[in-house]
Amino acid sequence: MSKKQSKVIITCAITGSIHTPTMSPYLPVTPEQIAQSAIGAAEAGAAIVHLHARNPQTGEPSQDPRLFAEFLPVIKSASDVVVNITTGGSPAMSVEDRLRPAHQFSPEVASLNMGSMNFGLYEMVPRYKEFKHDWELPYLAGSDERIFKNSFRDIAYILESCSNNGTRFEIECYDIGHLYTAAHFLDRGLIKPPFFIQSVFGLRGGIGPHPEDVLHMKRTADRLFGDDYLWSVLGAGRNQMFVAAQSAVMGGNVRVGLEDSLWLKKGELAESNASQVAKVRRILEELGLEVASPADARELLALKGPNNVGF
């Protein structure tokens, strides 16, 4: 069984690299929007914010550390929320580019994908008659032949290069084989407990969102990691709240945010990340569960603390 905990960690993924500006006017793009959205999510109950950056003019995903430098100090000065910086970036980036912000800013947490995979976004194209920016259509349509590369060498490089800065990892597992890859790096001594396993459901190319898929992921992680890990889930798109509720009932943690879904409910766009955090918090509290604070999350995940980051 995963590590027993009395409080549920809510992570909020603020903007990501999946959705494009055409899809929602509420998607944070500029550094100011990303900062204010992260602060709002924290005020609504998120203990962790998962952060990407975007070109402020076009909304295109970017791992330029200069953009991160515009919003990280703002978030830190306004909130004690745990900052999680992506090393995933986008499937179109090299691993070296993806890793630059985590290298420079030494966050408490960074995300880490556990395998190469198909990463299909092309099914979103027919939903829109036209796009605001030239990059959006080829970025989405080209995903039918794009491999999101996360080789064993890439994963080892990320783990080894961050080993001296005390950053711990949100270990993102899009399929069952990714759990076995995490176990492999445990055997190699490159990751150490407590692990924060983030299981991803419903993305084209990964495991599905059926309740049996969620159960299978949890059972496999329990068998591989025992009580040395904390389990969290994210459901893509319309699956977001269904998968979150199932995880909560099973003793897990949850992730929401506009990176994972643009919607608050069927037919209604979420106007902020905070609105999704508030919704999942209501679900948790209706189930009789208590939401973890940033301090609780730091204790559960054995994090180094906000005074030991590079921003």
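The mean sequence distance of close C-alpha pairs (under 8 Å, at least 6 residues apart), as a share of the length of segment 7-308, puts its relative contact order at 24 percent. Within segment 263-311, the GluC sites (Glu not before Pro) that combine a DSSP coil assignment with at most 16 other C-beta atoms in a 10 angstrom radius are 271.
Rounding to the nearest 20 debye, state how big the charge dipole of segment 1-89 is about its Cα centre with +1 on each Lys and Arg Cβ and -1 on each Asp and Glu Cβ. It would help to have the intermediate numbers written out before the result.
Working: 6 positive and 6 negative charges, 87 e Å.
Dipole size: approximately 420 debye.
Checking the cross-link pairs 76/218; 4/218; 279/304; 76/304 against a 25 Å limit on the alpha carbon distance flags 76/218; 279/304 as lying beyond it. If I model a spin label at residue 163 and residue 271 as a point 7 Å from the Cα along the Cα→Cβ vector, what separation in nanometres do I get? Distance between the two pseudo-spin positions: 5.0 nm.
Within the same chain, aspartates and glutamates fewer than 8 places from residue 3 are excluded, and of the rest, those with a Cα less than 17 Å from its Cα are 170, 222, 227, 228, 290, 296, 299.
To the nearest 0.05, what FRET efficiency results for residue 227 and residue 263 with a Förster distance of 35 Å applied to their C-beta separation? Taking R0 as 35 Å, the efficiency between residue 227 and residue 263 is 0.50. When you filter the GluC sites (Glu not before Pro) in segment 123-198 for DSSP loop state and at most 16 other Cβ atoms inside 10 Å of their Cβ, you are left with 130, 145. Classify segment 7-308 as rounded, prolate or oblate, taking a ≥ b ≥ c as the square roots of the eigenvalues of its Cα gyration tensor: rounded when a/c is under 1.5, otherwise prolate if a/b is larger than b/c and oblate if not. Because its axes are fairly even, with a/c under 1.5, segment 7-308 counts as rounded.
Note on residue 132: lysines with a C-alpha under 26 Å away, same-chain residues under 8 apart excluded, are 265, 266. Under conditions of 10 °C and 1.306 mPa s, segment 176-294 yields 106 µm² s⁻¹ as its translational diffusion coefficient, taking Rh as the Kirkwood radius over Cα pairs in the Stokes-Einstein equation. Here the chain carries DSSP beta bridges of which approximately 20% are antiparallel, counting only pairs with both residues inside.
Coordinate-derived values only; no laboratory data. As the structure is a prediction and not an experimental result, all values here were calculated from the model. In this analysis, Cβ positions are derived from the backbone assuming ideal geometry, glycine residues included, and neighbour counts consider all displayed protein chains.
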